[in-house]
Amino acid sequence: MITRMLLPSPPLRAFVHHYWVMKTDRISIEMNIVPTGSMKWMFHRHSPLVVNGVIDNSKVASVCGQYTRSIHVHTSLSTHLLFVFFQPYAMKMITGISSNHFEEDNVSMDLLEMPGFHELKCRVLDSATDEGAIAIIEAFIARCLHANDDDTYLKPLIAVSNAIDNDPTIELDRLSDIACLSERQFRRIYTENVGITPKQMIRTKRFLRATKLIQSLNENAFTSIVDGLGFTDHSHFNKEFHHFAGMSPTEYLAHLREIESHNFMQGYQAYHK
């Protein structure tokens, strides 16, 4: 089993966070994928994943919207995946389609009325190498950005995204101030571009911060997480964690140890980076 994380070319780093590749041969992995706060393009360059118990061969290339709950994934014995992780605000700027159109969904590229998506799918799936596939993807994104050249909200949304990453307990009124927009206008623009509300993103990023802190724990000592991330109490922490992960913090820690036993921890962490 091989996993790799690759960075985009410098001109696209404001839009693409990273690429993630996973290849397995004669080995199968089960895992819970938790929300990341990023929309993605997913290409199955081999057999599709089993997602929540269902295999869908029509979605070999798809747009993955924002999820607010975990997904149970089971790989086939021979898997070759390529994910494009976008910056939270980037998808609408690339496709021209409102990001909340994809919320809690994974939509086949063939079903979207996006010029070039079908050709992109075919060329990426036929590429001999992952690097070649990424070059095709980057050229496509660059063309889309040139065609959809309205970047009015790019800088404000970058600033908001950085603020949430730096402090996942930040207040909503502070974010609208950073964006220099009224609260009502900010919520509308943010949701259209990001695919979830600002409040949902804050909750997601706080949860992700908690998962990273849990990975450093050798025992169930979660008090520091509760206090440090502004959860009201342990009950609030457990409720939020179960909402996003589908399991308790203790169960999640056990899940991580199971993943580590399969030598997949580095790949799992890179996916949720």
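Mind listing whichever residues of region 139-187 are within 21 Å of the chain's Cα centre (by Cα), assigned to a helix (DSSP H, G or I) and of a type in the set (S, T, N, Q)?
The answer is S161, N162, N166.
Out of all the residues in region 232-273, which are part of a loop (DSSP other than H, G, I, E, B), over 21 Å from the mean Cα position of the chain (by Cα) and in contact (Cβ under 8 Å) with a residue 12 or more places away in the chain?
H262, N263
Yes or no, residue by residue, for (1) at pLDDT below 95; (2) closer than 25 Å to G195 by Cα; (3) surrounded by 15 or more Cβ atoms within 10 Å (Cβ to Cβ):
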| residue | (1), (2), (3) |
| --- | --- |
| Q66 | no, yes, yes |
| L77 | yes, no, no |
| L82 | no, yes, yes |
| F86 | no, yes, yes |
| A90 | no, yes, yes |
| M109 | yes, yes, yes |
| M114 | yes, yes, yes |
| D130 | no, no, yes |
| I134 | no, yes, yes |
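Residues being under 20 Å from T211 (Cα atoms) and either at pLDDT below 95 or in contact with a helix residue (DSSP H, G or I) (Cβ under 6 Å, 6 or more places away or on another chain) (or both): count how many of those fall in region 4-28.
Residues that pass the stated criteria total 2.
When region 192-217 is examined, which residues are found to be of a type in the set (G, A, S), assigned to a loop (DSSP other than H, G, I, E, B) and open to solvent by less than 40 Å² (accessible area, probe 1.4 Å)?
Filtering region 192-217 down to residues of a type in the set (G, A, S) leaves 195, 210, 216.
Still in the running and assigned to a loop (DSSP other than H, G, I, E, B): 195, 216.
Across region 192-217, the qualifying residue is only G195.
Please work out if H72 is loosely packed, with under 15 Cβ neighbours inside 10 Å, outside any loop (DSSP other than H, G, I, E, B) and in contact with a strand residue (DSSP E or B) (Cβ under 8 Å, 6 or more places away or on another chain).
On the way: loosely packed, with under 15 Cβ neighbours inside 10 Å: yes; outside any loop (DSSP other than H, G, I, E, B): yes; in contact with a strand residue (DSSP E or B) (Cβ under 8 Å, 6 or more places away or on another chain): yes.
Judged against the criteria, H72 is a match.
The values are calculated or read from the model by the stated rules, or taken from the named source; none is laboratory data. Just so it is clear, the model here is predicted, and its values are computed rather than measured. A quick note on method: Cβ atoms are made from the backbone with ideal geometry, for glycine too, and the neighbour counts reach across all protein chains shown. With ligands, DNA and RNA removed, areas are computed over all heavy atoms of the protein, side chains included. Shrake-Rupley method; radii C 1.70, N 1.55, O 1.52, S 1.80 Å.
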